[in-house]
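Novice: Below you will find the structure I want to go over with you.
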Amino acid sequence: MTKEIVFEHAKAQYEKWGISVDEAFDKLKKVPISIHCWQGDDIGGFEVNQQELSGGIDVTGNYPGKATTPEELRSDMEKAMSLIPGKHRVNLHAIYAETDGKVVDRDEIEPEHFENWVNWAKEHGLGLDFNPTLFSHAKAEDGLTLTHPDKNIRDFWVQHCMKSRKIAEYFGKELGTPALTNIWIPDGYKDTPSDRLTPRKRLKDALDEIYSVEIDEAYNLDAVESKLFGIGSEAYVVGSHEFYMGYAMQNNKLCLLDTGHYHPTEVVSNKLSSMLLFSEKVALHVSRPVRWDSDHVVTLDDELKEIGLEIVRNDALDRVIIGLDFFDASINRVAAWTIGTRNMIKSLLYALLMPNEHLKQLQDEGNYTERLALLEEFKTYPFGAIWDKYCEEMNVPAQEDWLAEVKQYEDEVLSKRNS
């Protein structure tokens with residue numbers, strides 16, 4: 001049986017439920033995923049005075065071929081994106097500035113230090129997103145940045161964030177699509193604090209100062225990202241979900257939900273419907289926590305499917321800004337990007353191929369038997385044949401065929417790098 005016959009048979013099974021595969025493809029093609037650059041070099045960056053990774057972040061493994069220059073990193077991203085269906089975005093951290101060998105501290109970064117990234121994005125038709133880097137720095141050694149008791153240190157990080165927003169504005173103006181500027185800080189305490197309120201007052205004041213400069217949302221969108229705990233901040237994190245959700249609502253900012261930043265029994269999929277009721281847009285960092293915020297490569301697990309379902313069934317494909325955030329140095333880094341991003345897209349296609357309106361009706365009617373039965377039966381519908389056809393239409397390899405290209409790239413490029 002040819003692939004085309006298999007696809008037509010699969011398509012007919014979905015169409016009997018009134019599901020248009022062609023419409024699903026058209027919708028999916030318009031959804032960009034913001035692919036994080038830091039998977040490619042283990043969050044190393046290109047600062048001249050590069051410092052050891054810190055701030056509750058850890059990358060394990062030493063798989064050969066890590067990118068050590070901007071050119072290598074961009075080449076690796078190009079290879080990954082050639083294997084991922086659709087047109088997507090690239091998410092940068094401030095430490096990926098290119099300063100021509102000059103020491104430029106983070107409160108001094110300028111748009112010119114990202115000119116090569118912008119030219120590359122123009123060449124490939126990509127949007128760019130941005131993150132100030134408030135970790136791995138001498139002024140963050142004690143795990144405190146925007147909430148530090150020392151005003152001079154707070155002011156340094158405020159200036160860094162303000163500079164970061166201007167860089168994102170530059171991206172938006174040059175590329176014709178707004179950049180998302182996301183602020184995450186590691187600030188917190190290892191053991192039970194004696195004062196929870198004052199650090200949060202400092203954070204609120206710092207954010208107010210950072211956002212005191214208005215930037216047109218046609219060029220820049222602001223987001224804040226919470227966390228439950230981290231290495232060195234197990235007992236208390238200043239920027240909790242409640243803090244940032246309140247701040248975002250009050251100040252018209254986006255609340256960014258990282259799938260690894262909550263209690264292990266909490267899931268982001270369950271939060272989306274509530275957030276969408278009160279926010280025009282919501283931002284995501286999708287990773288895979290394994291017992292804690294471990295940032296494993298995204299797999300097509302139940303929670304990822306549920307995230308896709310919540311986005312699609314709530315008609316929020318244009319309201320949820322999807323970014324990825326994982327890093328694994330124990331496997332081929334190009335493969336990690338490819339696996340994780342393809343899985344994020346798969347979850348959306350899976351959701352687009354569900355009889356969502358019928359399932360909603362069954363719930364309203366109290367017909368929980370049929371609802372459960374259909375949800376389970378659709379798990380074994382011929383989704384794979386539809387996904388393979390989508391990849392074919394988007395001119396990328398289907399099934400595991402992409403792996404051969406990664407292996408060839410490793411043999412010809414990655415294996416020749418000095419680690």
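Novice: Report whether or not HIS93 is within 21 Å of ALA206 (Cβ to Cβ) and modelled with pLDDT of 95 or more.
Specialist: yes
Novice: Just one of the numbered conditions (1) under 30 Å from GLY40 (Cβ atoms); (2) surrounded by fewer than 19 Cβ atoms within 10 Å (Cβ to Cβ) is not true of ARG313; which one?
Specialist: Unmet for ARG313, out of (1) under 30 Å from GLY40 (Cβ atoms); (2) surrounded by fewer than 19 Cβ atoms within 10 Å (Cβ to Cβ): (1).
Novice: May I pose another question? Of the residues GLN13, GLN39, which single one is closer than 17 Å to LEU92 by Cβ, of a type outside the set (A, V, I, L, M, F, W, C), modelled with pLDDT of 90 or more and not in a loop (DSSP other than H, G, I, E, B)?
Specialist: Just a single option satisfies the conditions, and that option is GLN39.
Novice: Answer yes if at least one residue in segment 354-362 is within 25 Å of SER34 (Cβ to Cβ) and under 24 Å from the mean Cα position of the chain (by Cα), and no otherwise.
Specialist: No, because not a single residue in segment 354-362 is within 25 Å of SER34 (Cβ to Cβ) and under 24 Å from the mean Cα position of the chain (by Cα).
Novice: Right, another one. Looking at (1) surrounded by fewer than 20 Cβ atoms within 10 Å (Cβ to Cβ); (2) closer than 19 Å to TRP157 by Cα; (3) charged (D, E, K, R), which one does ASP222 not meet, given that it meets all the others?
Specialist: (1)
Novice: Restricted to segment 334-383, and to residues that are aromatic (Phe, Trp, Tyr) and in a helix (DSSP H, G or I), which residue is surrounded by the fewest Cβ atoms within 10 Å (Cβ to Cβ)?
Specialist: Filtering first and then ranking leaves TYR368.
Novice: May I ask you to verify whether ARG319 is at positive phi and out of contact with any Cys (no Cβ under 9 Å at 6 or more places or on another chain)?
Specialist: no
Novice: Between a first residue in segment 255-268 that is assigned to a strand (DSSP E or B) and a second residue that is among the hydroxyl-bearing types (Ser, Thr, Tyr) and surrounded by fewer than 21 Cβ atoms within 10 Å (Cβ to Cβ), which pairs have beta carbons less than 7 Å apart while being 6 or more apart in sequence or on different chains?
Specialist: Sorted first by the residue in segment 255-268, then by its partner, the pairs are CYS255/SER279.
Novice: Still on this model: Give segment 138-162 a look and list any residue that's crowded, with 16+ Cβ neighbours inside 10 Å and in contact (Cβ under 8 Å) with a residue 60 or more places away in the chain, or say none.
Specialist: ALA140, GLY143, LEU146, THR147, HIS160
Novice: Another question about this same structure. Just checking, how many residues over segment 109-137 are crowded, with 21+ Cβ neighbours inside 10 Å and not in a loop (DSSP other than H, G, I, E, B)?
Specialist: 7
The values are calculated or read from the model by the stated rules, or taken from the named source; none is laboratory data. Bear in mind the structure is a predicted one, so any value in this text is a computation, not a measurement. Backbone-built Cβ (ideal geometry, glycine too); neighbour counts: all protein chains shown.
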